[in-house]
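One structure coming up, written as structure tokens, with questions to follow.
Computed from the coordinates by the stated procedures, all read-outs in this text should not be read as laboratory data. Every value quoted in this text rests on a predicted model; they were computed, and no experiment measured them. Don't worry about glycine lacking a Cβ; one is built from the backbone with ideal geometry, like all the others, and counts go over all protein chains shown.
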2 protein chains.
Amino acid sequence: MAEKRIGQRTFEFNSGVRVVASAAVAGPKEGEGLLKKDYDRIYPDNYAGADSWEKAERKMMEDAVSLAVEKAGVSTDQMDVFIAGDLLNQNISASFTARTHQIPYMGMFGACSASMLTLTTAAILVEAGFCNYTVAAASSHNSTAERQYRYPTEYGGQKPDTAQWTVTGAGAGVLGKKGKGPRVRYATLGKVVDMGLKNPFDMGAAMAPAAADTMEAHLRDIGKKPGEYDLIVTGDLAGVGHPIAADLLEKRGFKTGEEFKDCGLMIFRNDQQAFAGGSGCASSALVTYGHIIDEMMQGRLSKVMVVATGALMNPVSYQQGESIPCIAHAVTLEMPGGGNGGEKG
Amino acid sequence: MAEKRIGQRTFEFNSGVRVVASAAVAGPKEGEGLLKKDYDRIYPDNYAGADSWEKAERKMMEDAVSLAVEKAGVSTDQMDVFIAGDLLNQNISASFTARTHQIPYMGMFGACSASMLTLTTAAILVEAGFCNYTVAAASSHNSTAERQYRYPTEYGGQKPDTAQWTVTGAGAGVLGKKGKGPRVRYATLGKVVDMGLKNPFDMGAAMAPAAADTMEAHLRDIGKKPGEYDLIVTGDLAGVGHPIAADLLEKRGFKTGEEFKDCGLMIFRNDQQAFAGGSGCASSALVTYGHIIDEMMQGRLSKVMVVATGALMNPVSYQQGESIPCIAHAVTLEMPGGGNGGEKG
């Protein structure tokens, strides 16, 4: 009956919905990192010309949307729905961006999994014929996240090496059926996985089982092995969580190889002091909308899976003794004719 | 090209997706109110047997989902996706409910518009063939909202008469193509409307223009007058906002009559001290999933529009001088053969 679903949890897209264009806007630290050539705009400081960090984050999302729409050769008036999420309470980056761009708006929350949650929803609306064009976006900002989730930034608290550095930036993608961009092929939604971990300074380890769960569900549903993808990236498991996910997958019969990477390990150089690596909605958003789509457009990658991971607690749930519920949403992209395995190794 | 869209912003559902069953779980004050006979469960106190208000809110959403699924004659295992939202930071009520029920989960944020935002998405997934069954839910809790958005509850701060009382409770609906429930006919997503109002104790007035905007867009898109509906309810405009919305609509050529009501004015008796009326995600969720669906099932209402309104600011954006961005999402339900105008007057 559900003709667009394969197996237990995977949605299949077969009407030609694709990422028509995408854009990524980065903060200063990201702009000095490994993917600096892949960003459409880099702000030289964390304020991005605004008078608060929150307004700076919003500006980055507004910019990412504007740039992606412009690159798609259309206008924001032609966008039927804007689907977006971020890390801030009440999704204010996304909601204020929706106010600026005046596109009908669906707010979503998936913590750092927001990038693929919103991309999935944006693809569904086009695939099913509700929209001609949609635009998906996600953002995070180191300074806004720090003061909301942890301590006042002025406090300068030390952190263990398992902590991660919230990435500052925003990414957006325009979905439609025209153009030459990579096709959205499958999406596998996550279930909440909670292994009882409670350490907010070790989110990668908490999220790894959720990533493995969604990847396993996806691979079983479509009957593939990890190596059949040119690139599989998790969103922000970083140095601690990513090997745990690989280990869990191997134990379940899905051995990964050099195609398996993590966005949180692709953004900063080792000497940039990002602890275990990057995190935040912008981790997977910058890598997907800045780097991966471009690599696919240029024919260097053909089949890619992005598994964005999110930790769904808040400070109150943590204070009330709850463990960290995690989730991962996967989207696969295909560029017919592309791919020379250039990402491997 | 977008064959399921009518006019500018309205999605059309024509493959028979319907609300198979629904349930509403209410707090103690709501359980003494005007719709007390319509709730599936009423908790005698705000803790609902849990050890914190946050956990109580979650319990209400968990219950609403369980009860709705049970009434649908299916099991949570058969639910393909759970789509939910609430008012708490990082959507913790929805996310922890997703952990409990272990259904693939899409978190959404639309403040008090979450009820219709999630219902729209749940209907899209079934309509388009991605899912056989989905379950949508929304919740709010007076005590969790007070302490998160305003002051510590112990402070006992006074409020002006324009303030509203956040409704405690949760509602859920199972969407599918089987059964005899009301069909989802149209959904019109909102744009963010911000008239520059900044008073968090007068949210109804801030949200009224958003409700009018979405209702106008809907009526223009499908070419109908308000009076062609048996009932049109806004989510939580209450005593101040609802007349403003009616006035705005009349000025734009859409005169409403006795069919136009507000969920925030339907829940509490006048002597229950709810200021201008109820608010929160549970306002429209309790009325829709407790009262309206039941009235439709029993043939007393045939065509209903629910316009859930949301205010998308957070305390930080307010402190940074921002006005209140508002949104309204509308869903229309139809029960063929039902409707005797019993709601009118």
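Specify the inter-centroid distance of region B:1-31 and region A:250-306, based on alpha-carbon positions, in whole Å.
Spelled out, the Cα-based centre of one part sits 37 Å from the other.
Which of the aspartates and glutamates could a cross-linker span from B:LYS225 if the Cα-Cα distance has to be under 20 Å and same-chain partners fewer than 8 positions apart are dropped?
Reachable aspartates and glutamates: B:GLU12, B:ASP213, B:GLU216, B:ASP247, B:GLU250, B:GLU258, B:GLU259, B:ASP262, B:GLU334, B:GLU343.
Scale the Cα Rg of region A:4-176 by the rule-of-thumb value 2.2 N^0.38 Å and send over the ratio, two decimals. Could the numbers behind the result be given before it?
Details: Rg = 16.5 Å, N = 173, 2.2 N^0.38 = 15.6 Å.
In units of the 2.2 N^0.38 Å rule of thumb, it is 1.06.
Suppose every K and R has +1 on its Cβ and every D and E has -1 on its Cβ; what is the size of the dipole of region B:143-211 about the Cα centre, in Debye to the nearest 20? Don't skip to the answer; put the middle values down first.
Numbers: 10 positive and 5 negative charges, 145 e Å.
Dipole magnitude for region B:143-211 comes out near 700 debye.
Indicate the gyration tensor shape class of chain A (rounded, prolate or oblate), computed on the Cα atoms with a ≥ b ≥ c the square roots of the eigenvalues: a/c under 1.5 is rounded; otherwise a/b larger than b/c is prolate and the rest oblate.
Numbers: a/c = 1.41, a/b = 1.08, b/c = 1.30.
Because its axes are fairly even, with a/c under 1.5, chain A counts as rounded.
Roughly what % of DSSP beta bridges within chain A run antiparallel, to the nearest 5?
On the way: 37 of 57 bridges.
Bridges in chain A are about 65 percent antiparallel.
Further question on the same structure: List every residue whose amide H lies under 5 Å from the amide H of A:ALA48, counting only residues 5 or more places away in sequence or on a different chain, with H placed 1.01 Å from N in the peptide plane.
Here the answer is none, since no amide H 5 or more places off falls under 5 Å of that of A:ALA48.
I'd like to know which of B:GLY310, A:ASN132, B:LEU286 lies farthest towards the positive end of the charge dipole of the protein assembly as shown, counting +1 on Cβ of Lys and Arg and -1 on Cβ of Asp and Glu.
Farthest towards the positive pole: A:ASN132.
Look at the axis of the rotation that sends chain B onto chain A, then give the chain B residue with the nearest Cβ and the distance in whole Å.
Nearest residue, distance rounded to whole Å: B:ALA128, 2.
Select from A:GLU12, A:GLU228, A:GLU70 the residue whose mean-square fluctuation is largest in a Gaussian network model of chain A (Cα-Cα springs shorter than 10 Å).
A:GLU228
Still on this model: Taking a point 7 Å out from Cα toward Cβ as the label site, list the nm distances between A:GLU32 and the same residue in every other copy, smallest first.
Values, ascending and in nm: 6.2.
Over region A:217-345, what is the relative contact order in whole percent, taking alpha-carbon pairs under 8 Å and six or more residues apart? Could the numbers behind the result be given before it?
Values: 215 pairs, mean separation 38.2, N = 129.
Normalised by residue count, the contact order of region A:217-345 is 30 percent.
Place the label 7 angstrom along Cα→C-beta at A:GLY196 and in each other copy, then list the distances from the first to the rest in nm, shortest first.
5.8
Turning to a different aspect of this structure: So if we plug the beta-carbon distance of B:TYR47 and B:ARG269 into 1/(1 + (r/R0)^6) with R0 = 25 Å, what FRET efficiency do we get, rounded to 0.05?
Numbers: r = 23 Å, r/R0 = 0.93.
Computed FRET efficiency for B:TYR47 and B:ARG269 comes out at 0.60.
Please tell me the relative contact order of chain A in percent, rounded to the nearest whole number, where contacts are Cα pairs under 8 Å and at least six residues apart. List each step's numbers first, then the result.
Values: 934 pairs, mean separation 81.7, N = 345.
Relative contact order of chain A: 24 percent.
Something else now. Can you compute the helix-only [θ] at 222 nm over chain A? Use -39500 (n - 2.57) per DSSP H run of at least 4 residues, normalise by all residues, nearest 500 deg cm²/dmol. Please report the intermediate quantities before stating the final value.
Values: 10 runs with 105 residues, N = 345.
Helix-only estimate at 222 nm: -9000 deg cm²/dmol.
Going 7 Å from Cα along the Cα-Cβ axis for the label, what nanometre distances separate B:ASN14 from the same residue across the other copies?
Counterpart label points of B:ASN14 in the remaining copies fall at 2.3 nm.
Then there is this: As I understand it, the dipole of chain A uses +1 on the Cβ of Lys and Arg and -1 on the Cβ of Asp and Glu, about the Cα centre. Which of A:PRO28, A:PHE260, A:VAL65 lies farthest toward its positive end?
Value computed over the given set: A:PHE260.
Name the lysines eligible as straight-distance cross-link partners of B:LYS29: C-alpha to C-alpha under 16 Å, and not fewer than 8 places from it in the same chain.
Straight-line reach from B:LYS29, under 16 Å: B:LYS37.
Search the structure for amide H atoms under 5 Å from the amide H of B:SER140, placed 1.01 Å from N in the peptide plane, and list their residues when 5 or more places away or on another chain.
Distant-sequence amide H within range of B:SER140: B:GLY169, B:ALA282.
Among the lysines, which have Cα under 22 Å from the Cα of A:LYS224 when same-chain residues fewer than 8 positions away are ignored?
Qualifying lysines at Cα under 22 Å: A:LYS4, A:LYS191, A:LYS251, A:LYS255, A:LYS261, A:LYS303, A:LYS344.
Quick one: go through region A:307-337 and flag any residue whose amide nitrogen is under 20 Å from the point 7 Å out along the Cα-to-Cβ line of A:THR153.
Backbone N within reach: A:315.
With +1 on each Lys and Arg Cβ and -1 on each Asp and Glu Cβ, and nothing else charged, work out how big the dipole of chain A is about its Cα centre, in Debye to the nearest 20. Mind showing how you got there, number by number?
On the way: 34 positive and 39 negative charges, 142 e Å.
So the dipole magnitude of chain A works out to roughly 680 debye.
Which longest run of chain B has no exposed loop site in it, a site being trypsin sites (Lys or Arg not before Pro) in a DSSP loop with at most 16 other beta carbons within 10 Å, and the site itself not part of the run? Show your work: numbers first, answer last.
Numbers: sites that count: B:ARG150, B:LYS178, B:LYS180, B:LYS198, B:LYS224, B:ARG252, B:LYS255, B:ARG269, B:LYS344.
Maximal segment without exposed cleavage sites: B:1-149.
Could you give the length gained on full extension between A:GLN102 and A:LEU34, defined as 0.36 nm per residue of separation minus the Cα-Cα distance, in nm?
That works out to 21.1 nm of additional length.
Something else: Using a Förster distance of 41 angstrom, determine the FRET efficiency expected from the C-beta separation of B:ASP247 and A:GLU250, and round it to 0.05. Don't skip to the end; give the middle numbers.
Details: r = 65 Å, r/R0 = 1.58.
It comes out at approximately 0.05.
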